[in-house]
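Below is one structure; the comments refer to it alone.
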Amino acid sequence: MKKFYLAATMLLMAATALQAQDDSMRKLREETAGKIKNNEKDTTGRLWKKGGTFGLMFNQGSLTNWAAGGDKLSLSLQGTLNAFANYKKGRHSWDNNLDLAYGYVNTTSLGTRKSDDRIDLTSKYGYEIGKNWYLSGLFNLRTQFTDGYLYPADTTPERISRFFAPAYIVLSPGIDYMPNKEFSLFMSPITARWVVVMDDSLSARGAYGVDTGKHVRSEFGAYVTATWNKEIMKNVTYKSKLELFSNYKKNPQNIDVFWTNMLSLKVNKWISANVSLDMIYDDDVREFENPKTGVKGARLQVKQVLSIGLTAKF
């Protein structure tokens with residue numbers, strides 16, 4: 001009888017172990033199947049890649065009984081937004097990028113002035129014709145949000161720009177070389193560009209190269225743009241965009257240059273520091289007077305901004 005109980009006990013234990021093993025295997029199979037299904041769901045329909053970065057930078061300074069002198073109070077606020085939506089399927093690609101920036105600075109001696117203002121929209125379609133080479137079409141719009149002024153020392157501020165005055169519109173078919181996701185070089189020998197000045201007072205004096213009294217100036221020439229976006233070291237990202245345009249109709253040797261640079265240093269998830277440097281040379285913008293000769297002409301325009309504040313990715 002004892003042998004019978006012992007055998008029955010061992011048989012029951014073996015059956016329990018087999019059942020537990022079977023349950024474990026079934027659970028493992030279900031989890032594996034679920035992971036495979038989730039992975040398929042995550043990857044098969046992902047033709048669009050979307051995202052962006054929003055930054056809000058604020059600086060404040062004050063002086064009280066400061067022997068060295070300076071403004072009693074200074075405040076500055078700047079907001080930036082960079083958003084992208086990129087499509088990729090087979091040989092087809094469609095990249096869209098929106099870059100916005102706006103900033104103000106206020107001091108007790110100078111009052112309120114605009115420190116940054118930018119709208120830059122780029123849309124580029126490409127069809128792969130070889131390794132890293134794309135037959136592409138590009139659209140670019142560049143303008144600003146609000147009025148811009150010059151502040152002469154002895155006169156009242158002079159309004160020299162506003163929304164769509166100027167605006168630069170580029171429509172260009174060409175070849176795009178993209179060896180990786182970080183770099184792109186777009187080249188076109190046949191590009192249409194329009195300079196738009198939708199302000200009567202500015203167009204009346206022929207600002208930004210438009211004919212006097214006209215609102216649009218059409219140009220035809222060669223266009224090259226290079227973009228590079230790379231994390232050069234941990235938490236340090238460098239982004240650069242260079243545009244070159246030669247107008248076949250007038251002084252093609254005088255190449256227009258638009259170059260933006262941004263160096264971002266990430267402190268933590270929310271805090272970052274940004275250094276931006278923009279350079280523009282447009283031979284048709286002859287608003288700068290030589291103090292020695294009194295003759296107006298074109299010059300290299302440089303804008304540099306250092307900011308620290310909140311940054312959020314989405």
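What follows is calculated from the coordinates using simple rules that are stated; it is not laboratory data. Computed from a prediction, not measured in an experiment: that's the story for all the values here. Quick reminder, even Gly has a Cβ in these numbers, built from the backbone with ideal geometry, and neighbours come from all protein chains shown.
Taking the radius of gyration and the Kirkwood hydrodynamic radius from Cα positions alone, what is the Rg/Rh ratio for segment 47-313, to two decimal places?
My calculation of the ratio gives 1.00.
As an exercise, identify the trypsin sites (Lys or Arg not before Pro) in segment 182-228 lying in DSSP coil whose Cβ has no more than 14 other Cβ atoms within 10 Å.
Loop-located and lightly packed - R205, K214.
So if I take the alpha carbon set of segment 50-113, get Rg, then get Rh from the Kirkwood formula, what is the Rg over Rh ratio?
1.34
Arranged from highest to lowest average of other beta-carbon atoms within 10 Å per residue, in what order do the peptides 127-138, 230-241 appear?
In decreasing order of mean packing, 127-138, 230-241 become 127-138, 230-241.
Percent of Cα-Cα pairs per 5 Å bin, from 0 to the last occupied bin, for segment 218-314, please list those.
3, 11, 16, 16, 14, 12, 10, 9, 6, 2, 0
Kindly flag which residue pairs out of K114/K214; K131/K269; K114/K250; K234/K269 have an alpha-carbon separation exceeding 25 Å in this structure.
K114/K214; K131/K269; K114/K250
Rounded to the nearest 0.05, what FRET efficiency is calculated for L135 and Q304 with R0 set to 41 Å and r the Cβ-Cβ distance?
Computed FRET efficiency for L135 and Q304: 0.65.
Calculate the tail of P(r) for segment 190-262: the fraction of all Cα-Cα distances greater than 13 Å, expressed in %.
Percent of Cα pairs beyond 13 Å in segment 190-262: 72.
When the dipole is taken about the Cα centre of segment 47-313, and only Lys, Arg (+1) and Asp, Glu (-1) are charged at their Cβ, what size is it in debye, to the nearest 20?
That gives segment 47-313 a dipole magnitude of about 880 debye.
For a 27 Å ceiling on Cα separation, which of these pairs sit above it: K72/K303; K249/K303; K88/K230?
K249/K303
On a full-extension model of 0.36 nm per residue, what is the gain between K249 and E182, subtracting their alpha-carbon distance, rounded to one decimal in nm?
Separation in residues times 0.36 nm, less the Cα-Cα distance, equals 20.7 nm.
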